[in-house]
Amino acid sequence: MALAVVRSLHGPRRLATEQDAQDFEQELVDQFLLSGVAAGSCDSTVSADRYTLFEFIRFLGRPVWTAQPGDADRFLAHQRTSGRARLTVEHKASSIGRFFDFLVERQQGDIAALTGVVVAQVIDEFNRPGRSDYGAARVPPSEDEIDELFAAWRDWLPSARKYLPAARCYLAASLWRRVGLRIQETRMLDIRDWRRDLGEFGSVHVRFGKGSRGRGPKTRLIPAINSVGALLDWWVTDVRHQFGDDYQRLDAPLLPTERLPDPLTGCVTGPGTRCFETASPRRWRAGCRSGKAV
């Protein structure tokens, strides 16, 4: 059976002026962004896609449907020589690639009818950035070095100048090490998220897990293996109540700041991302690299 020719349901317009071409280009971008919203992309993802596409269009200097792989080569090379981070370049290439997939799959007929141009996918196997590190390979520390690091860190806690934030950072880093939590997932944990009643070892309820392609948080339950249950029991029983009187409220942060409680809610707030990014003291990280605990 022969396949029928697919035609657009709305008749093609004429691009009589430069303004008509610009309006059509804007419409193509808007339709692509709308499809991202329909797929569940969050506002930040849609905004980043929009910024990247208009940056590419300005760099191109002519209608976007005339772009060729060589144009993408020059754009990505310019991004690298301008000092953009490798992950930023990767994200921009992904946005451009998805946009041209959209043009080829959905808009090819209208573009050909209006302009006589057959759209090409400009991000291909040759210029698509790989997901590996472009720099020197980083060799992770051995298991023995990590054990020595955390043992020395744990022994240091009682003598820390500020015990509570030091203990909180130790707990956060231990969660990253033992069950692979991300920084954002850790800082968003509430007291209710430690579920001792679920499973043989208990479970950590991650309500703000990283979703795919910016589609919002993804929840999951993580078994409290690798002695995480004992670690959280120590935290809840011996440490958490010292941060404030909200320790019996299930919606209070599991890892709070040491500042005064919020006057409206009575809860202490959770620390910012920067606090967790510097959780491990420099001397412990240096000890881990050298294999000698401080």
#### Entry: Top-ranked residue in the range 165-188 [being closer than 15 Å to Phe243 by Cβ and of a type in the set (D, E, K, R); ranked as nearest to the chain's Cα centre (by Cα)]
Arg187
### Message
For the range 195-207, give me each residue that is under 24 Å from the mean Cα position of the chain (by Cα) and hydrophobic (A, V, I, L, M, F, W, C).
### Response
Val204, Val206
### Query
Quick one: would you say Asp49 is surrounded by 16 or more Cβ atoms within 10 Å (Cβ to Cβ) and within 21 Å of the chain's Cα centre (by Cα)?
yes
### Summary
When every residue in the range 229-253 that is under 30 Å from Gly40 (Cβ atoms) and surrounded by fewer than 18 Cβ atoms within 10 Å (Cβ to Cβ) is compared, the one nearest to the chain's Cα centre (by Cα) is Asp251
### Query
What are the residues in the range 141-171 that are surrounded by 12 or more Cβ atoms within 10 Å (Cβ to Cβ), touching a residue at least 60 places away in the same chain (Cβ under 8 Å) and not in a helix (DSSP H, G or I), if any?
Pro141
#### Entry: Single unsatisfied condition, Leu149 versus (1) at negative phi; (2) within 21 Å of the chain's Cα centre (by Cα)
(2)
### Query
Here are some conditions: (1) over 25 Å from the mean Cα position of the chain (by Cα); (2) of a type outside the set (D, E, K, R); (3) surrounded by 15 or more Cβ atoms within 10 Å (Cβ to Cβ). Val117 meets all but one. Which one does it not meet?
(3)
#### Entry: Selected residue (only one of Ser41, Ser94 is among the hydroxyl-bearing types (Ser, Thr, Tyr), surrounded by 15 or more Cβ atoms within 10 Å (Cβ to Cβ) and assigned to a loop (DSSP other than H, G, I, E, B))
Ser41
#### Entry: Filter result for Trp234 (in the same structural domain as Met188 (by TED's automatic domain parsing), closer than 18 Å to Tyr170 by Cα and at pLDDT below 80)
no
### Task
Have a look at Lys162, Lys210 and point out the one that is under 15 Å from the mean Cα position of the chain (by Cα), assigned by TED's automatic domain parsing to the domain that holds Ser227 and farther than 14 Å from Val228 by Cα.
Lys210
### Query
What residue, among those in the range 202-228 that are surrounded by 15 or more Cβ atoms within 10 Å (Cβ to Cβ) and part of a helix (DSSP H, G or I), is modelled with the lowest pLDDT?
Gly214
### Task
Could you list all residues from the range 174-201 that are small (Gly, Ala, Ser) and surrounded by fewer than 20 Cβ atoms within 10 Å (Cβ to Cβ)?
Gly180, Gly199
### Query
Among the residues of the range 36-47, is any among the charged types (D, E, K, R) and either in contact with a strand residue (DSSP E or B) (Cβ under 6 Å, 6 or more places away or on another chain) or over 30 Å from Ala173 (Cβ atoms) (or both)?
yes
### Residue list for the range 1-38, restricted to those being surrounded by fewer than 16 Cβ atoms within 10 Å (Cβ to Cβ), modelled with pLDDT of 85 or more and of a type in the set (A, V, I, L, M, F, W, C)
Leu34, Val37, Ala38
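The values are calculated or read from the model by the stated rules, or taken from the named source; none is laboratory data. Keep in mind it's a predicted model, so treat the numbers as computed, not measured. As a convention, Cβ positions derive from the backbone with ideal geometry for all residues, glycine included, and neighbour counts pool all protein chains shown.
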